[in-house]
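Here's the structure we're looking at; comments come further down.
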Amino acid sequence: MNIEKKASEGQMIEFLDVHKWFGEFHVLQGINLSVDKQERIVICGPSGSGKSTLIRCINRLEEHQRGRIVVDGIELINNIKNIEKIRAEVGMVFQHFNLFPHLTIVQNLSLGPIWVRKTPKKEAEETAMYYLEKVHIAEQARKYPGQLSGGQQQRVAIARSLCMNPKVMLFDEPTSALDPEMIKEVLDVMIELAQEGMTMIVVTHEMGFAKSVAHRVLFMDFGKIVEGNTPEEFFKNPQHERTKLFLSQILH
Amino acid sequence: MKQAVQAEELRPPVTSIGVIGWIKNNLFNGTPNSVLTLVTLFFLWKTVPPLFRWAFLDSAWHTTGQACREAAGACWSIISMNYRFILFGFYPYEEHWRPFLAMMILVGLLFYSRDRNHWKKTLAYAWIIGLFAMGLLMKGGLFGLPSVESTQWGGLPLTLLLAIFGLTAAYPLGVILALGRRSKMRGIKVLCILYIELIRGVPLISLLFMSSIIFPLFLPEGVTFNKILRAQVAIILFTAAYIAEVVRGGLQGMARGQYEAAESIGLNYYLTMRLIILPQALKIVIPPTVSILISAFKDTSLVVIIALFDLLKTTQSVLSNPEWMGFSREAYVFVAILYFLGCFSMSNYSRKLERELSRGD
């Protein structure tokens, strides 16, 4: 496959010296990161390194305690209206899908557009069907999440985020809870999304995905971004000892 | 033909299917169960025929109290001769059709609301009109209906009034209290905890006493509140505290991911609760909620202590009449049947609702 790897101009997300503590635990220790529009970033690192916390700060599922985070020109501060506005622009896909089990698939997808964007119901359902087609799962529209396989549920979760027409998509270990044979169908959908120029930040250990899709791969450890580079350089010439150790562990 | 014979041969032995098989599997599988079955059969043989004779063969159905005393069996006459008073209390005799009609409207509406396909705007209007009609029928004073003071209300309509309005008002209040108790705003949280713990810390009887005896002391002279209304409020406040704790249990059972998913598509607190969290949490707690509603329904009989004539009190009044004294068994069986019908239909409805709501699982 041949994916255009040049990011266009303009900044989408900016972290300036961001710190966060869980109680006494210093989980983010001075993060500086700038993400351009249409840029695709993969974050990897050992568990507990703060990578999930980092992307959860972007839509304020976690609150940072020091530093600045700016998303699409809006700074994340305790203004509830700002936060809701940012959340509507930032799509998020979770490790455990988090679909709404009491609603059908099409209701899961049209809920956000109807209640947050005030789209008429009929139009919202048409949009929902459009994105379900896109993730190759339109025939399941009237079922409930519990009736779908893990891979199907995760594709529905991606479609649910897309229905809000987000400017950025965050993926928090989207394939970690899946059986091996279902990982590919989810990654394929994510690759298609990348080909359309979506800005993406993906926390994952799928290094094949990182190689073919990412503009930059970041390695995090102990709450810091240890190094970041293009996939070619990152995998060929890791600079730090910890990065080398980590790569040797996951690439066998 | 040959095949048919073969099929015949392949049938399981007679002793493992049909009536004989069922009896063998369920009543006589092993020594302990066989013994239990025999003991139960003996017990039934000893009790059912005499009970049947008492209730039906030797009973008096439509006689005076005097004739009843000569009959060997049950005196159902206490019901048939007094049912109007038991059901309607001191409501003027010739106006009894009014509370009867009001109850019929109520039962009709409840029955129609059973089906979730009927939950539309028209149903809400039907309830508003129905409630207005019921109030008009009970109170009168308009359209040529003689006015009947609420002090004369009693019996079954009073029980239903206290129960149904008590429960429908307590439920939303309980949900709000549960949400308040989990709120991040400290003031609201503390208020809700205080309310729930205080109300749960006292028996319903003491709340009823307070509402009827202490509360009026705080009112300026000449201002009085309707006694039924005060009892109603006490029941609502009491039941809401219990519902709040059950609902809180349901809220705590919700996975964190559901909140996060709702927040990540930009839903605010109110919409998250209304569309995502409450529909799931309230479904989980249907069984314990119905237990509370059923016990609240039965607890309405405690209003006798503030001298309201609910169903149980009107029955007791009949029993204090010298002509019918001593026939309490029959009277209480009758009242028990009425209460049972109410409670059983509640649990029946909740099971139906649960089945309908669990389609997604």
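Note on the protein assembly as shown: dipole from Cβ charges, positive end direction compared against B:A102, B:L27, A:F234; the farthest Cα belongs to B:A102. Taking Cβ atoms as reference points and 11 Å as the exclusive limit, the residues near A:M164 contribute a net charge of +3, counting Lys and Arg as +1 and Asp and Glu as -1.
Share of antiparallel DSSP beta bridges in the protein assembly as shown, in percent to the nearest 5? Don't jump to the answer; show the numbers that get you there.
Values: 21 of 40 bridges.
That works out to approximately 50 percent antiparallel.
The residues of segment A:53-96 occluded by other protein chains by 40 Å² or more of accessible area, set against the chain on its own, are A:L61, A:E84, A:R87; surface from heavy atoms, 1.4 Å probe. Modelled this way, with points 7 Å down the Cα-to-C-beta line, the labels at B:L338 and B:I23 are 4.3 nm from one another. Summing Lys and Arg as +1 and Asp and Glu as -1 over all other residues whose Cβ lies under 10 Å from the Cβ of B:K189 gives a net charge of +4. Computed over segment B:160-308, relative contact order equals 35 percent, with contacts defined as Cα pairs under 8 Å that lie 6+ residues apart.
Please state the charge dipole magnitude for the protein assembly as shown, taken about the Cα centre, from unit charges on C-beta atoms (+1 on K and R, -1 on D and E), reported in debye and rounded to the nearest 20.
On the way: 62 positive and 52 negative charges, 178 e Å.
Magnitude of the dipole: close to 860 debye.
Here the translational diffusion coefficient of chain A follows from Stokes-Einstein with Rh set to the Kirkwood radius across Cα pairs; for 37 °C and 0.692 mPa s it amounts to 175 µm²/s. Helix A:150-162 and the longest principal axis of the C-alpha atoms of chain A enclose an angle of approximately 90°. Taking every C-alpha pair closer than 8 Å and separated by at least 6 residues, the mean separation divided by the residue count of segment A:108-177 gives a relative contact order of 39 percent.
Which value, in debye to the nearest 20, gives the size of the charge dipole of chain B about its Cα centre, when Lys and Arg are +1 and Asp and Glu are -1 at the Cβ?
Value, rounded to 20: 980 debye.
Heavy atoms only, 1.4 Å probe, whole protein assembly: order A:H240, A:H26 by accessible area, highest first.
Values: A:H240 85, A:H26 50 Å².
Putting A:H240, A:H26 in descending order of accessible area: A:H240, A:H26.
Using the Cα centre as the reference, give the magnitude of the dipole from point charges on the C-beta atoms of segment B:160-308 (Lys, Arg: +1; Asp, Glu: -1; all else neutral), rounded to the nearest 20 debye.
Numbers: 13 positive and 6 negative charges, 50 e Å.
It comes to approximately 240 debye.
Residues A:D188, A:D179 ordered from highest to lowest accessible area at a 1.4 Å probe: A:D179, A:D188.
Rolling a 1.4 Å probe over the protein chains gives B:Y112 an accessible area of about 110 Å².
How far, in nm, would the chain grow between B:S147 and B:T37 when pulled straight, counting 0.36 nm per residue and subtracting the alpha carbon separation? The partial results should precede the final answer.
Details: separation 110, 0.36 × 110 = 39.60 nm, distance 6.01 nm.
Fully extending the segment from B:S147 to B:T37 adds 33.6 nm.
Measure nothing but the geometry: give the 0 to 90° angle between the long axis through the Cα atoms of A:105-115 and the longest principal axis through the Cα atoms of chain A, rounded to 10°. The angle comes out near 80 degrees. Per-residue SASA remark: A:L251, around 80 Å² accessible (1.4 Å probe; ligands, DNA and RNA not included). Computed over the Cα atoms of chain B, pair by distinct pair, the Kirkwood hydrodynamic radius stands at 25.0 angstrom. Compared with the direct C-alpha span, the chain from A:N237 to A:H26 gains 73.0 nm at full extension, assuming 0.36 nm per residue.
Explain nothing, just the number: relative contact order of chain A, from Cα pairs under 8 Å at least 6 residues apart, as a whole percent.
Values: 458 pairs, mean separation 66.6, N = 252.
With pairs under 8 Å counted, the relative contact order is 26 percent.
Output the DSSP H helices from chain B with an along-axis C-alpha extent of no less than 15 Å and a mean Kyte-Doolittle hydropathy no less than -0.5.
Values: long enough: B:31-52 (31 Å, 1.06); B:77-88 (17 Å, 1.16); B:97-113 (24 Å, 1.51); B:121-139 (27 Å, 1.30); B:155-181 (37 Å, 1.68); B:186-200 (21 Å, 1.20); B:227-252 (38 Å, 1.06); B:286-299 (19 Å, 0.94); B:328-357 (43 Å, 0.19).
For chain B, where a helix must reach 15 Å along its axis and average at least -0.5, the hits are B:31-52, B:77-88, B:97-113, B:121-139, B:155-181, B:186-200, B:227-252, B:286-299, B:328-357.
I'd like the isolated cysteines in the protein assembly as shown, meaning no second cysteine's beta-carbon lies under 4.7 angstrom from theirs. By the Cβ distance rule, which asks for a partner under 4.7 Å, the isolated cysteines are A:C44, A:C57, A:C163, B:C192, B:C343.
The P(r) of the protein assembly as shown has a tail past 34 Å containing 61 percent of all C-alpha pairs.
With a cut-off of 19 Å on the backbone N, the residues of segment B:78-122 near the modelled label site 7 Å out from B:A307 along Cα-Cβ are B:89-92.
Between B:S113 and B:Y93, the simple label model (points 7 Å from Cα in the Cβ direction) yields a spacing of 3.5 nm.
For chains B and A, what's the summed buried accessible area, probe 1.4 Å, to the nearest 100 square angstrom? Numbers along the way, then the final one.
Numbers: alone 21880 and 12150 Å², together 32130 Å².
What B and A bury together is about 1900 Å².
Label sites at A:E181 and A:E75, each approximated as a point 7 angstrom past Cα along Cα to Cβ, lie 5.3 nm apart. Between B:E70 and B:L198, residue separation times 0.36 nm minus the direct Cα-Cα distance comes to 40.7 nm. The fraction of accessible area contributed by carbon and sulfur in segment A:71-160 is 52 percent, rounded to a whole number (1.4 Å probe; ligands and nucleic acids excluded). Panel note: contact residues of segment B:255-301 (accessible area lowered by at least 40 Å² against the chain on its own; 1.4 Å probe) correspond to B:Q258, B:E260, B:A261, B:E263, B:S264, B:I265, B:G266, B:L275, B:I276, B:Q280. Accessible surface of A:K122, taken over heavy atoms with a 1.4 Å probe and every protein chain present, rounds to 140 Å². Helical runs assigned H by DSSP (4 residues or longer) give chain B a calculated mean residue ellipticity at 222 nm of -21500 deg cm²/dmol, each run adding -39500 (n - 2.57) before division by the residue total.
Output the antiparallel fraction of DSSP beta bridges having both residues in chain A, as a percent to the nearest 5. Kindly include the intermediate steps, with their values, before the conclusion.
Numbers: 21 of 38 bridges.
Bridges in chain A are about 55 percent antiparallel.
Relative to its residue count, segment B:14-57 spans a Cα convex hull of 77 Å³ per residue. Entry comment: accessible area of the protein assembly as shown is 52 Å² per residue, from protein heavy atoms only and a probe of 1.4 Å.
Farthest toward the positive end of the dipole of the protein assembly as shown, out of B:L10, B:G135, B:L194, is the Cα of B:G135, where the dipole comes from beta carbon charges about the Cα centre. Extent of segment B:160-308 along its three principal axes (Cα atoms, max minus min coordinate, largest first): 56, 31, 23 Å.
The values are calculated or read from the model by the stated rules, or taken from the named source; none is laboratory data. As the structure is a prediction and not an experimental result, all values here were calculated from the model. Neighbour counts are summed over all protein chains in view; Cβ atoms, including those assigned to glycine, are modelled from backbone coordinates with ideal geometry. Heads up: the accessible areas ignore ligands, DNA and RNA and are worked out on the full protein's heavy atoms, side chains in. Shrake-Rupley method; radii C 1.70, N 1.55, O 1.52, S 1.80 Å.
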